[in-house]
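Asker: My questions will all concern the structure given below.
The values are calculated or read from the model by the stated rules, or taken from the named source; none is laboratory data. Note that the coordinates shown come from a computational prediction; the quantities given were computed from them, not determined experimentally. Every residue, glycine as well, gets a Cβ built from its backbone with ideal geometry; the counts of neighbours run over all protein chains shown.
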Amino acid sequence: MAKIIVSTKARNTLFIAPAFVLYMCVVVLPALSTFYFSLCHWNGLGNPVFIGLANFKNLIFTDRSFHRAFRNNLIWTGWSLTLPIFSSLIVALVLTKIRTGQMVFRTINFLPYVVAAPIAGRIWTVLYNPYFGMTSFLEKMGISHFSDLAILGNRSTALGAVFIANNWYWWGYLMVLFLAALHQVDVDLYEAATVEGANFLQKFLHVTIPQISPTLTFIFMVTMIWSLLSFNYVWVMTQGGPGDTTQLLSTYIYRLSFTNFRAGYAMSISVIQSLIALLLYFLFEVVKKKGFDV
């Protein structure tokens, strides 16, 4: 029987072919179809009707719900880049100083991240209930300022309330990343700073921050992109209400697709959302090339 000789290049091609086919089927083709349907009037079931850039024109110039969702996403991202990152870094710094039972405290702080979003969202909805939630408890304690306040039904408090629930889930993950980075900082640098007479704040600004800057860059990138895609807690707790007060781009896409049956229009928002995420990715790639390698 003749022996078949296969070159190294051919073997490598055959080796990656299944993964390449899977990637094309799962990522590339759906992405291309999304872009095509974004140029169509389509209800998700019938035949699409090509209308060009009409969906994008309507989004940018006339759709106030999209403008509100986009603005809410900007607010959401701004909050995500402050409170969760700051609180997780502080807790991580405190945990590095604990010598006994550190793993227990790590586990307690990380537990919210592993709780399923629908379950956690319902728990927070109950906590915000004006009749038997936190406000009712405060009223029984003699604090009547929040009496009968429907936190999730109030336009001025709904978005912030949902964000607090989302932060409760998200910051534990960031804490683990910060802990891993802080344990990689050379202890000799702190000892040298102590010899030079540096206080805690100076050590933090001139030793800790520069040493964990790659992790900070990664966290900022992931937080910005993931906050752009936030969906679970908003949909479970408010479904974008009251009105459009807590509407984000992801919840607006879902509502348009599965409630209003405007799948083509929803896909045009998905394209814009993807382009923003891609722009953020390239922005952080530029930052990495400036010296903040992740």
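Asker: If a residue has to be of a type outside the set (Ser, Thr, Tyr) and surrounded by 15 or more Cβ atoms within 10 Å (Cβ to Cβ) to count, how many in the range 130-145 make the cut?
Answerer: 5
Asker: Turning to a different aspect of this structure: Please list, ordered by first then second residue, the pairs with beta carbon atoms under 8 Å, 6 or more apart or interchain, first in the range 116-135 and in contact (Cβ under 8 Å) with a residue 12 or more places away in the chain and at negative phi, second loosely packed, with under 14 Cβ neighbours inside 10 Å and not in a helix (DSSP H, G or I).
Answerer: Between residues of the range 116-135 that are in contact (Cβ under 8 Å) with a residue 12 or more places away in the chain and at negative phi and residues that are loosely packed, with under 14 Cβ neighbours inside 10 Å and not in a helix (DSSP H, G or I), the close pairs are 130/148; 135/147; 135/148.
Asker: Further, regarding this structure: Please pick out the residue among 31, 69, 54 that is over 22 Å from residue 220 (Cα atoms) and within 23 Å of the chain's Cα centre (by Cα).
Answerer: On inspection, the qualifying residue turns out to be 31.
Asker: Exactly one of these conditions fails for residue 243: (1) more than 24 Å from residue 45 (Cα to Cα); (2) buried (at least 21 other Cβ atoms within 10 Å of the Cβ). Give me its number.
Answerer: Condition (2) is where residue 243 drops out.
Asker: Counting just the residues of the range 38-71 that are within 24 Å of residue 242 (Cα to Cα) and of a type in the set (Lys, Arg), which one comes out surrounded by the most Cβ atoms within 10 Å (Cβ to Cβ)?
Answerer: Checked the range 38-71; the qualifying residue surrounded by the most Cβ atoms within 10 Å (Cβ to Cβ) is 68.
Asker: Shifting gears a bit: Go through the range 107-212 and tell me which helices (runs of 4 or more DSSP H), entirely inside it, have 2 or more residues that are β-branched (Val, Ile, Thr) and within 24 Å of residue 229 (Cβ to Cβ).
Answerer: Fully inside the range 107-212 and qualifying: 117-127, 158-182.
Asker: Could you list, ordered by first residue, the pairs with Cβ atoms under 7 Å in which the first is in the range 238-249 and over 14 Å from residue 160 (Cα atoms) and the second is surrounded by fewer than 22 Cβ atoms within 10 Å (Cβ to Cβ) and basic (Lys, Arg), at least 6 apart or interchain?
Answerer: What qualifies is 243/155.
Asker: Can you give me the number of residues within the range 25-61 that are in contact with a Pro (Cβ under 8 Å, 6 or more places away or on another chain) and in a loop (DSSP other than H, G, I, E, B)?
Answerer: Within the range 25-61, residues that are in contact with a Pro (Cβ under 8 Å, 6 or more places away or on another chain) and in a loop (DSSP other than H, G, I, E, B) number 1.
Conditions tested, residue by residue: (1) crowded, with 20+ Cβ neighbours inside 10 Å; (2) among the aromatic types (Phe, Trp, Tyr); (3) touching a helix residue (DSSP H, G or I) at 6+ places or on another chain (Cβ under 7 Å).
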| residue | (1), (2), (3) |
| --- | --- |
| 175 | yes, no, yes |
| 188 | no, no, no |
| 203 | no, no, yes |
| 233 | yes, yes, yes |
| 258 | no, yes, no |
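Asker: Here is a follow-up. Within the range 181-194, track down each residue that is at pLDDT below 90 and under 15 Å from residue 91 (Cα atoms).
Answerer: Selection gives 183 alone.
Asker: Any residue at all in the range 23-34 that's among the polar types (S, T, N, Q) and more than 30 Å from residue 164 (Cβ to Cβ)?
Answerer: Looking for residues that are among the polar types (S, T, N, Q) and more than 30 Å from residue 164 (Cβ to Cβ), one finds at least one in the range 23-34, hence yes.
Asker: State which residue is modelled with the highest pLDDT when the search covers only the range 213-234 and only residues that are in a helix (DSSP H, G or I) and among the aliphatic types (A, V, I, L, M).
Answerer: Once the filter is applied, the top-ranked residue is 234.
Asker: Yes or no: residue 268 crowded, with 19+ Cβ neighbours inside 10 Å, part of a helix (DSSP H, G or I), touching a residue at least 12 places away in the same chain (Cβ under 8 Å) and under 16 Å from the mean Cα position of the chain (by Cα)?
Answerer: Considered against the rule, which asks whether it is crowded, with 19+ Cβ neighbours inside 10 Å, part of a helix (DSSP H, G or I), touching a residue at least 12 places away in the same chain (Cβ under 8 Å) and under 16 Å from the mean Cα position of the chain (by Cα), residue 268 comes out as no.
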